[in-house]
């Protein structure tokens, strides 16, 4: 029988940002900027980013660091282990077109999960 090592789970903290009003493709651009970075460098990158959604990603990263602090993890050497994006709902809207026709406008939402580790 193989014994499971729970030390890896004890050194991680997670924050989930749900139903963000931005497409997953645009959110993934910002999430890929911080993957694998140290937390302090990632926060600096997000502060100076020109993307609109970078402020929300910064808040989620700050929440993940706070969660790590609550679990008594030393936050001086944390790095972003994972940052991944998932699909959420799509709002469907109607746009009137010529000759009495209509077309749909989809407004996508997405989820963001950030995992920090030592």
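Bear in mind these aren't lab numbers, they're just calculated from the coordinates by the rules spelled out. Just so it is clear, the model here is predicted, and its values are computed rather than measured. Every residue, glycine among them, receives a Cβ derived from its backbone with ideal geometry; neighbour counts consider all protein chains shown.
Put simply, the Cα atoms of segment 14-117 extend 64, 25, 16 Å along their principal axes, the longest span coming first. Against the chain, whose longest principal axis comes from its Cα atoms, helix 24-34 is set at around 30 degrees. For the pair segment 22-83 and segment 99-118, the centres of their Cα atoms are 20 angstrom apart. In this simple spin-label model, placing a label point 7 Å from the Cα along the Cα-to-Cβ direction at both residue 95 and residue 25 gives a separation of 1.5 nm. Among 29, 17, a tally of other beta-carbon atoms within 10 Å of each Cβ gives an order, fewest to most, of 29, 17. Highest mobility in the GNM of the chain, judged by mean-square fluctuation with C-alpha springs under 10 Å and restricted to 45, 104, 12, is found for 104. For a modelled paramagnetic label at residue 18, 7 Å from Cα along Cα-to-Cβ, the residues of segment 76-97 in reach, with backbone nitrogen under 13 Å, are 88-89. Between residue 48 and residue 10, the simple spin-label model (points 7 angstrom out along Cα→Cβ) gives 3.8 nm.
By how many nm would the segment from residue 74 to residue 62 lengthen if fully extended, with 0.36 nm per residue of separation less the alpha-carbon distance?
Numbers: separation 12, 0.36 × 12 = 4.32 nm, distance 1.45 nm.
The span from residue 74 to residue 62 would gain 2.9 nm if fully extended.
Counting helices only, and only those DSSP H runs with n ≥ 4, report the 222 nm mean residue ellipticity of the chain as the sum of -39,500 (n - 2.57) divided by its residues, in deg cm²/dmol to the nearest 500. Don't jump to the answer; show the numbers that get you there.
Numbers: 4 runs with 41 residues, N = 118.
After summing the helix terms and dividing by the residues of the chain, the value is -10500 deg cm²/dmol.
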